[in-house]
Amino acid sequence: MTHDHDLVLRPTAAQTEAALNPPPGRNGGDLVVETLAGLGATTVFGLPGQHALGMFDALRRSDLRYIGLRVENNAGFAADAYGRITGEAAPLLLSTGPGALTSLAALQEARAASAPVLAISSQIPTAGLGGGRHGYLHELPDQSASFRGVVKSVHTVRSQSQIPSAIAEAWTSALTVPHGPVWVEIPQDVLLSETPVPVVTGGDAFPEELPPRPELTAVAADLLSRAERPAIIAGGGVVRADASGKLRQLAERLSAPVVTTFGGKGAFPWTHPLSLQSWLEDRHTTDFLEDADVLLVVGSGLGELSSNYHTFKPRGRVVQIEADLGKLESNHPALGIHADARLALQALLETVQERTDPSAPARVREVLGKVRERIESQELTLEQGVLASVRAALPPGAPSFWDMTILAYWAWSAFDAKAPNTMHSAQGAGGLGYGFPAALGAAAADPTHPVLAVSGDGGALYSIAELATARQYDLNVTWLIVDDGGYGILREYMTDAFGRPTATELTRPDYVALAESFGVPGVRTSPETLETDLAKALSTPGPSVVVLPAILRMFAPTHTE
């Protein structure tokens, strides 16, 4: 009798020929790119460096497409967006020491947002490893220790024969829920040395599924079926699991209003009768969710931004579905279900009993009406008009990437994403400089749609060098820069807290002239002409820059009341 674990995949004739007669001149870097290609990668991001030259030399012998950025952190943001858009592990090739460390902020964002990034870094030569101080260029006592608290897993290679298995293991880790960035490091001499290892011709890696425990979904289904006032908070886990359709089915079956977190934008239709949209930074929404007798939280850890800055105090029973075990019940006691959102929602759909509540849409309209009245009382027509112009100019299926800037904070709450997996921001870790390089990665992933990047002038200066990347690869990205002369949100925070701002004002360039110096068309717009100028830029192939001089204000917070 033959058991499944006794089966062995036999090589094809072509694979046998490649193994027995490898082409000359291969090195450890070839093993890297061959393994990536075998796993299904088609595009890699990165920046070369002295210790990583073996990998980059091997790229020219491969069919992989290389997108080279000007700063490692920006390359990480580009890979992050590529992973979010495609659902594939995005390879990020880096050098040692300063080159590797410069990517840390991007990897932190990828970890917070569960974006699958496969970072592969060089290391100093093998002789210098082990914690001694040998004086090699870029030497760190323990380079991997700098990443262990940031990435999902660390994989260290010490010989060429380890390369295929280490990269396949890292690939599996990156794509096993919760998705996330992983780190592989390979010494310089291992990458450069000629290799006797055969050509890598296979590389299947199968991420593990994370189904829910049936006894837990049975209890959850019973609670939801018997609830009088159920409600749902849908987070980024719903988007990443491609589970928005199942979420809608469950909400309609339960007559349960749904609010999406800022990471979950697009997980539920914005204009649906049960949609509370994304107004989480609002006391009216918070009150409504606190009043739910059963609250289903799917794909969210209910962190700071998803809980109105931890002022949310649910009074009813909480059911939390979360793939990241560390987030399960980390902020509120709940019936915690450690599972992928898609599999858990499917299990609930198979067991929950339909309930009807004709009053639910009216209660949703009442909350949204109160939110609208609160915002309209603050005379923020400029901000609302600018956001409406962006929405009108952006085609429905086009993705957008938002930096940490006032217009993005408005968009978190007030922007209709139109579809899941189309609106992304750096709200996971909250670092500056995400929007433009991330948009470049998304454009590389899908050239069929224009991509919008939104930054303030402060955040734009973090990634201005990537205008060269946009031009070099002719990527279809329009960059909207809201120029208010400084770090606008910090100016507002400091003025509110201390009466006056400090260190928030910036000398900045003429962004239109600067863009044009890179060969990228630029236009200076106004709130009145923004929709027309932005739509024109988005409909024109290739990169472009639209600069909007404007000082925007935030709506008043409710968590301080």
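The values are calculated or read from the model by the stated rules, or taken from the named source; none is laboratory data. Quick caveat: nothing in here was measured; it's all calculated off a predicted structure. Every residue, glycine among them, receives a Cβ derived from its backbone with ideal geometry; neighbour counts consider all protein chains shown. Accessible surface is based on the protein model in full, side chains and every heavy atom, while ligands, DNA and RNA are left aside. Shrake-Rupley method; radii C 1.70, N 1.55, O 1.52, S 1.80 Å.
Quick check on segment 361-384: of everything there that is surrounded by fewer than 19 Cβ atoms within 10 Å (Cβ to Cβ) and either in contact with a Leu (Cβ under 6 Å, 6 or more places away or on another chain) or among the acidic types (D, E) (or both), which residue is nearest to I551 (Cα to Cα)?
So, considering only residues that are surrounded by fewer than 19 Cβ atoms within 10 Å (Cβ to Cβ) and either in contact with a Leu (Cβ under 6 Å, 6 or more places away or on another chain) or among the acidic types (D, E) (or both), the one nearest to I551 (Cα to Cα) is E379.
Just checking, how many residues over segment 156-176 are open to solvent by less than 20 Å² (accessible area, probe 1.4 Å) and under 15 Å from T195 (Cα atoms)?
2
Being among the small types (G, A, S) and at pLDDT 95 or above is true for just one of G303, G316. Which residue is that?
Details: G303 fails: at pLDDT 95 or above.
Exactly one of G303, G316 is among the small types (G, A, S) and at pLDDT 95 or above, namely G316.
Which residue is nearest to the chain's Cα centre (by Cα), if the candidates are limited to segment 390-404 and must be in a strand (DSSP E or B) and either of a type in the set (S, T, N, Q) or over 21 Å from R553 (Cβ atoms) (or both)?
F401
Take E304 and tell me if it is within 23 Å of A113 (Cα to Cα), of a type in the set (D, E) and crowded, with 24+ Cβ neighbours inside 10 Å.
In short, no.
For every residue, the table says whether it meets (1) under 17 Å from F268 (Cα atoms); (2) more than 27 Å from the chain's Cα centre (by Cα); (3) surrounded by 17 or more Cβ atoms within 10 Å (Cβ to Cβ).
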{"residue": "S330", "(1), (2), (3)": "no, no, no"}
{"residue": "G336", "(1), (2), (3)": "no, no, yes"}
{"residue": "D340", "(1), (2), (3)": "no, no, yes"}
{"residue": "A344", "(1), (2), (3)": "yes, no, yes"}
{"residue": "Q353", "(1), (2), (3)": "no, yes, no"}
{"residue": "S359", "(1), (2), (3)": "no, yes, no"}
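Would you mind stating whether S95 is more than 18 Å from T469 (Cβ to Cβ), surrounded by 24 or more Cβ atoms within 10 Å (Cβ to Cβ) and touching a His at 6+ places or on another chain (Cβ under 7 Å)?
no
Being open to solvent by less than 40 Å² (accessible area, probe 1.4 Å) and over 21 Å from W279 (Cα atoms) is the filter here, so list the residues in segment 217-242 that pass it.
T217, A220, A221, L223, L224, S225, A227, A241
With the requirement that a residue be over 30 Å from P24 (Cα atoms) and either open to solvent by less than 50 Å² (accessible area, probe 1.4 Å) or acidic (D, E) (or both), what does segment 177-206 give you?
Residues satisfying the conditions are V177, P178, H179, G180, P181, V182.
Could you go through segment 121-139 and let me know if any residue there is touching a residue at least 24 places away in the same chain (Cβ under 8 Å), open to solvent by less than 40 Å² (accessible area, probe 1.4 Å) and within 30 Å of D403 (Cα to Cα).
The answer is yes, given that some residue of segment 121-139 is touching a residue at least 24 places away in the same chain (Cβ under 8 Å), open to solvent by less than 40 Å² (accessible area, probe 1.4 Å) and within 30 Å of D403 (Cα to Cα).
Kindly indicate the residue of segment 267-288 that is among the polar types (S, T, N, Q) and under 19 Å from S244 (Cβ atoms) and also most open to solvent (accessible area, probe 1.4 Å) among those meeting that condition.
Applying the first criterion (among the polar types (S, T, N, Q)) to segment 267-288 yields 271, 275, 277-278, 285-286.
Going one step further and asking which of them are under 19 Å from S244 (Cβ atoms), we end up with 271, 275, 277-278.
Details: T271: 119, S275: 5, Q277: 36, S278: 0 Å².
The extreme case among them is T271.
Considering L387, L407, which residue is crowded, with 18+ Cβ neighbours inside 10 Å, over 20 Å from the mean Cα position of the chain (by Cα) and not aromatic (F, W, Y)? Lay out the reasoning, then the answer.
On the way: L407 fails: over 20 Å from the mean Cα position of the chain (by Cα).
Within the list L387, L407, the selection yields L387.
Can you pull out every residue in segment 474-514 that is under 20 Å from W410 (Cα atoms), surrounded by 17 or more Cβ atoms within 10 Å (Cβ to Cβ) and touching a residue at least 24 places away in the same chain (Cβ under 8 Å)?
T478, W479, L480, I481, V482, D483, D484, G486, Y487, G488, I489, E492 - these are the residues of segment 474-514 that are under 20 Å from W410 (Cα atoms), surrounded by 17 or more Cβ atoms within 10 Å (Cβ to Cβ) and touching a residue at least 24 places away in the same chain (Cβ under 8 Å).
Tally up the residues in segment 487-512 that are outside any loop (DSSP other than H, G, I, E, B) and at positive phi, please.
0
Specify the residue that is surrounded by the most Cβ atoms within 10 Å (Cβ to Cβ); the eligible residues are those in segment 310-321 that are farther than 20 Å from D222 by Cβ and either of a type in the set (S, T, N, Q) or in contact with a helix residue (DSSP H, G or I) (Cβ under 7 Å, 6 or more places away or on another chain) (or both).
Looking at the filtered set, the residue picked out is F312.
Any idea which of (1) open to solvent by 10 Å² or more (accessible area, probe 1.4 Å); (2) touching a residue at least 60 places away in the same chain (Cβ under 8 Å) is the one S463 doesn't satisfy?
Every condition holds for S463 apart from (1).
Confirm whether L254 is farther than 18 Å from Y409 by Cβ, more than 29 Å from the chain's Cα centre (by Cα), crowded, with 24+ Cβ neighbours inside 10 Å and not charged (D, E, K, R).
yes
Sort through A453, A515, A537 and tell me the only one that's more than 23 Å from R391 (Cα to Cα), touching a strand residue (DSSP E or B) at 6+ places or on another chain (Cβ under 6 Å), at pLDDT 95 or above and outside any loop (DSSP other than H, G, I, E, B).
Of A453, A515, A537, the one residue that is more than 23 Å from R391 (Cα to Cα), touching a strand residue (DSSP E or B) at 6+ places or on another chain (Cβ under 6 Å), at pLDDT 95 or above and outside any loop (DSSP other than H, G, I, E, B) is A515.
Yes/no per residue for (1) part of a helix (DSSP H, G or I); (2) more than 14 Å from A119 (Cα to Cα); (3) among the hydrophobic types (A, V, I, L, M, F, W, C):
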residue: G25; (1), (2), (3): no, yes, no
residue: D30; (1), (2), (3): yes, yes, no
residue: V44; (1), (2), (3): no, no, yes
residue: A52; (1), (2), (3): yes, no, yes
residue: D57; (1), (2), (3): yes, yes, no
residue: R61; (1), (2), (3): no, yes, no
residue: Y82; (1), (2), (3): yes, no, no
residue: P91; (1), (2), (3): no, no, no
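Quick check on this structure: which one of E109, E88 is charged (D, E, K, R) and open to solvent by 10 Å² or more (accessible area, probe 1.4 Å)?
Details: E109 fails: open to solvent by 10 Å² or more (accessible area, probe 1.4 Å).
None of the other options fit; the residue is E88.
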